[in-house]
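S.K.: Here it is, the structure, as structure tokens.
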Amino acid sequence: MFATPAQFTEIQKGQMDAAIALSQTWFDAAERLMELNLAAAKATLEESVERTQALLSVRDVQELLALSGGMTQPTLEKAVSYSRKAYSIANGAGTEVSRIVDAQIAETNKKVAQLIDFAAKNSPAGSETGVSMLKSAVAAANTAYDTFARASRQAVAMAESNVSAATSAALKSASAANDTVKVSAKRKAA
């Protein structure tokens, strides 16, 4: 099948290198997500203490309404910020995985093409049709993969656009609601 055992070893080494790179990518992403979650948990605890202290110092209803109305917008903004950071980590890991997989597929395709050429040169007379069919099958598989990869990238881009638009609309809505609460609290205070 292979001209030399070294070719087989070279293919295995390439696959092992790709597996190691994929593992490292996932561990790095998991580590960054863990750091993000720990930072978010710490910030949430600190904010809870501050809010509890602020609520305990409230003297009247208007102050309570103003305080509770002022908490909604920052909380939503922090949640959106957290989501964006988590998405960025996941997206970065996905991009790196795609890069590694694409490189491995390209390298494998090169090796398969070399193998087919080797087989074509060393095949008996009359086997040209079989070699041609094999080349066509490999080309069709590569075309299908390229089409799938392109469609996946377009779907991800569309999803990113939709999430960005929805996030922006949610922030605007929360800001408007927060402004309404503030105006209502001022009216009641007056």
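S.K.: Considering Gln12, Gln24, Gln62, which residue is within 30 Å of Ala157 (Cβ to Cβ) and in a helix (DSSP H, G or I)? Reasoning before the result, please.
M.R.: On the way: Gln12 fails: within 30 Å of Ala157 (Cβ to Cβ); Gln62 fails: within 30 Å of Ala157 (Cβ to Cβ).
The conditions single out Gln24.
S.K.: Of the residues that sit in the range 140-158 and are among the polar types (S, T, N, Q) and under 20 Å from Glu96 (Cβ atoms), which one is farthest from the chain's Cα centre (by Cα)?
M.R.: Applying the first criterion (among the polar types (S, T, N, Q)) to the range 140-158 yields 142-143, 147, 152, 154.
Checking which are under 20 Å from Glu96 (Cβ atoms) leaves us with 152, 154.
On the way: Ser152: 12, Gln154: 14 Å.
So, considering only residues that are among the polar types (S, T, N, Q) and under 20 Å from Glu96 (Cβ atoms), the one farthest from the chain's Cα centre (by Cα) is Gln154.
S.K.: Exactly one of these conditions fails for Ile116: (1) aliphatic (A, V, I, L, M); (2) within 30 Å of Gln7 (Cα to Cα); (3) surrounded by fewer than 14 Cβ atoms within 10 Å (Cβ to Cβ). Give me its number.
M.R.: Looking at each condition in turn, Ile116 falls short on (3).
S.K.: Which condition number in (1) exposed (fewer than 15 other Cβ atoms within 10 Å of the Cβ); (2) of a type in the set (Asp, Glu); (3) more than 13 Å from Ala21 (Cα to Cα) is the one that Glu107 fails?
M.R.: Exception for Glu107: condition (1).
S.K.: While we're here: Quick one: how many residues across the range 69-82 are among the polar types (S, T, N, Q), open to solvent by 50 Å² or more (accessible area, probe 1.4 Å) and free of Cβ contacts under 8 Å to residues at least 60 places away in the same chain?
M.R.: Residues flagged as among the polar types (S, T, N, Q), open to solvent by 50 Å² or more (accessible area, probe 1.4 Å) and free of Cβ contacts under 8 Å to residues at least 60 places away in the same chain within the range 69-82 amount to 1.
S.K.: Working carefully through the options Ile116, Ile100, Ile105, find the one that is under 34 Å from the mean Cα position of the chain (by Cα), closer than 21 Å to Gly14 by Cβ and without any contact (Cβ under 8 Å) to a residue 60 or more places away in the chain.
M.R.: Numbers: Ile116 fails: under 34 Å from the mean Cα position of the chain (by Cα); Ile100 fails: without any contact (Cβ under 8 Å) to a residue 60 or more places away in the chain.
Exactly one residue qualifies, and that residue is Ile105.
S.K.: So which residues in the range 134-145 are loosely packed, with under 13 Cβ neighbours inside 10 Å and within 11 Å of Asn109 (Cβ to Cβ), if there are any at all? Working first, answer last.
M.R.: Kept after step one, since they are loosely packed, with under 13 Cβ neighbours inside 10 Å, are these residues of the range 134-145: 136-137, 139-140, 143-144.
Selection gives Ala139 alone.
S.K.: Could you give me the residue pairs with C-beta distances under 6 Å whose first residue belongs to the range 154-168 and is among the β-branched types (Val, Ile, Thr), whose second residue is part of a helix (DSSP H, G or I) wherever it lies, and which are 6+ apart or on separate chains?
M.R.: Thr167/Val80
S.K.: May I ask you to list pairs of residues, at least six apart or on different chains, whose Cβ atoms are under 6 Å apart, with the first in the range 33-50 being within 15 Å of Ala79 (Cα to Cα) and the second being in a helix (DSSP H, G or I)?
M.R.: Leu33/Ile89; Leu36/Lys85; Ala40/Tyr82
The values are calculated or read from the model by the stated rules, or taken from the named source; none is laboratory data. Just so you know, these numbers come straight off a predicted model, no measurement behind them. Reconstructed Cβ throughout: ideal geometry from the backbone, glycine too, with neighbour counts over all protein chains shown. Please note that ligands, DNA and RNA were not included when accessible areas were found on the heavy atoms of the full protein model with its side chains. Shrake-Rupley method; radii C 1.70, N 1.55, O 1.52, S 1.80 Å.
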